[in-house]
Amino acid sequence: MSNKVLVAYATKMGSTGTMAAVIGSELRAAGHQVDVHEIGAVLAVSEYDAVIVGSAIYQGRWRPEAVRFLRDHERQLRNRRVWLFHSGPIGRSKSQDQPTPPDVARLARLIEAAPVKTFAGELQADAITERLSRRAELDHLIGDSRDWPKIRAWSREVATALQTARVQP
Ligand SMILES: Cc1cc2nc3c(=O)[nH]c(=O)nc-3n(C[C@H](O)[C@H](O)[C@H](O)COP(=O)(O)O)c2cc1C
C-alpha cells in the first residue's frame, strides 16, 4: 500500500533538514510518495495520509514553528498517522534519549502520535557565537553525531508500519 507522506522539519542550522531528506528517501525507496518540506512552508496537511514532524532541540525546547505547526494542524493530524522526532544530543550525551518538551508532549497526546524518537544532532562551529562559547564552553561539542544507520532503520520501521492499515479504535 503506497501512502502520501509529508516529512516536515524545523531547523536553525540545517542539520535536521538533512535528516528529513534521508527519512524521505527511505520512505520513497519503500514505495511511498513523499514530500519533504521546511515546516514553515507547509500550509495544509489534508493531502497526506501520514505526517512525520521533526524539530531540532534548543535549550530543551522544540523550535517554535514546529510547536505552532502541531497546534495549528492538531485536528487534521488527529485523523492521520503521525510520527515525531527530535534532533539534539551531541558529545557525551549523543546516545541519550531527550525528554519531550511538555508543550510537545501535550500535543502529541492529543494527536495520538507515536512516542517521540530522539536522534543525535550536529553542532556546527557557526553556532558557537562569542557569547555562547564563553557561557557554555560548547567548543568541544562541535561535530556531527548524526547516526545515519539509526535514522534509516527508524525510517524503514515507519515505512513498514505504513504498509499496514491503521487499526481504528
Ligand atoms: C545554544 C544551543 C542549545 C542547545 N540545546 C540543546 C538541548 O537542550 N538539548 C539537546 O539535545 N540539544 C541541544 N542543542 C544541540 C542542537 O539541538 C543540535 O546541534 C541540533 O542538531 C541542531 O539542529 P539544526 O542544525 O537543525 O538546527 C543545542 C545547541 C545549541 C547551539
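The values are calculated or read from the model by the stated rules, or taken from the named source; none is laboratory data. All figures in this text were calculated on a predicted structure; none of them were measured in a lab. A quick note on method: Cβ atoms are made from the backbone with ideal geometry, for glycine too, and the neighbour counts reach across all protein chains shown. With ligands, DNA and RNA removed, areas are computed over all heavy atoms of the protein, side chains included. Shrake-Rupley method; radii C 1.70, N 1.55, O 1.52, S 1.80 Å.
Could we say that A41 is at pLDDT 95 or above and open to solvent by less than 30 Å² (accessible area, probe 1.4 Å) here? Taking the combined requirement at face value, the residue does not satisfy it. The residues of the stretch 100-115 that are open to solvent by less than 30 Å² (accessible area, probe 1.4 Å) and under 9 Å from H86 (Cβ atoms), listed by number, are P101, V104. Scanning the stretch 1-10 for residues that are open to solvent by 30 Å² or more (accessible area, probe 1.4 Å), part of a loop (DSSP other than H, G, I, E, B) and either within 14 Å of the ligand (Cβ to nearest atom) or touching a residue at least 60 places away in the same chain (Cβ under 8 Å) (or both) returns a single hit, M1. Cβ-Cβ under 6 Å, sequence separation 6+ or interchain: first residue in the stretch 52-74 and under 14 Å from V42 (Cβ atoms), partner among the aromatic types (F, W, Y) and at pLDDT 95 or above. Which pairs? Pairs found: I52/W83; G54/Y9; G54/F85; S55/W62.
For residues that are among the aliphatic types (A, V, I, L, M) and within 22 Å of N79 (Cβ to Cβ), scanning just the stretch 24-40, find the one that is nearest to the ligand (Cβ to nearest atom). Among those residues, the one meeting the criterion is I39. R106 falls short on exactly one of the conditions (1) touching a Leu at 6+ places or on another chain (Cβ under 7 Å); (2) closer than 25 Å to A161 by Cα, and that condition is (1). Considering only the stretch 14-32, state which residues are in contact with an Asp or Glu (Cβ under 9 Å, 6 or more places away or on another chain) and farther than 20 Å from K117 by Cα. H32 - this is the single residue of the stretch 14-32 that is in contact with an Asp or Glu (Cβ under 9 Å, 6 or more places away or on another chain) and farther than 20 Å from K117 by Cα.
Listed by position, the strands (runs of 3 or more DSSP E) enclosed by the stretch 14-92 that each have at least 2 residues that are under 21 Å from K150 (Cα atoms) and in contact with a Ser or Thr (Cβ under 6 Å, 6 or more places away or on another chain) are 50-58, 81-87. On the stretch given as the stretch 52-77, residues that are away from the ligand (no atom under 16 Å from the Cβ), out of contact with any helix residue (DSSP H, G or I) (no Cβ under 6 Å at 6 or more places or on another chain) and open to solvent by less than 10 Å² (accessible area, probe 1.4 Å) total 0. Number of residues in the stretch 11-23 that are under 18 Å from E65 (Cα atoms) and either in contact with a helix residue (DSSP H, G or I) (Cβ under 9 Å, 6 or more places away or on another chain) or more than 11 Å from the ligand (Cβ to nearest atom) (or both) equals 4. Restricting L132, L107 to those that are modelled with pLDDT of 95 or more, among the hydrophobic types (A, V, I, L, M, F, W, C) and either in contact with a helix residue (DSSP H, G or I) (Cβ under 9 Å, 6 or more places away or on another chain) or not in a loop (DSSP other than H, G, I, E, B) (or both) reduces the list to L107.
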